[in-house]
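All of the numbers you see were taken from the coordinates with simple rules; none came from a lab. The structure displayed is predicted, hence computed values, not measured ones. Don't worry about glycine lacking a Cβ; one is built from the backbone with ideal geometry, like all the others, and counts go over all protein chains shown.
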Amino acid sequence: MRNSVLVSTAALAIAATLVSLPSGSAVAQSSEVYINAVELVIIPSEMPKFLEAIKENATNAVKEPGCREFNVSVLHNRPNHVFLYEVYDNEAALNTHRQTDHFKKFQATTANMVADRNIRAMTPIAFNAKGH
């Protein structure tokens, strides 16, 4: 009986700790979350048109049910190097994104603008963010 009381007390303490964690704290994420990290080198003369197309794609992507984030950045000292950081509920959500009309439009529009592409699938360990 004493052991079951100790186990119950420990379980309640752990549950209370988990419930009281503030949002945005560093907590290991489910392995289901899928990150698509993409590095692109854009032909410099095509950069304005590329940025217009990628912003439209990203804006539409985050409206999709399985897309959590779609961030677009450029290297500070090499502005024709673009980095995309996409977070999806799972790999299936990314594959669904790739079937959308807006992604297909983006692909067709930018096909001749990309000089190099490096795509990396990643698994998150922890997401850390401040609340807004």
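The ranking of ILE35, ILE54 by Cβ neighbour count inside 10 Å, starting from the fewest, reads ILE35, ILE54. With neighbours defined as other Cβ atoms within 10 Å of a residue's Cβ, the residues HIS102, HIS97, HIS76 order from fewest to most as HIS76, HIS102, HIS97. By the beta-carbon count within 10 Å of each Cβ, the least crowded to most crowded order of THR123, THR109, fewest first, is THR123, THR109.
Over the Cα atoms of segment 27-127, Rg to Rh with Kirkwood Rh, two decimal places? Please list the in-between numbers first.
On the way: Rg = 13.7 Å, Rh = 14.0 Å.
Using only Cα positions, Rg/Rh for segment 27-127 is 0.97.
For segment 57-83, the residues whose backbone nitrogen is under 19 Å from a point 7 Å from the Cα of ASP101, taken along Cα to Cβ, are 57-66.
Here the extension length gained between LYS63 and ASN112 equals 15.0 nm, from 0.36 nm per residue of separation less the Cα-Cα distance. A simple count of charges around VAL72, restricted to other residues whose Cβ falls under 13 Å of its Cβ and scoring Lys, Arg +1 and Asp, Glu -1, yields -4.
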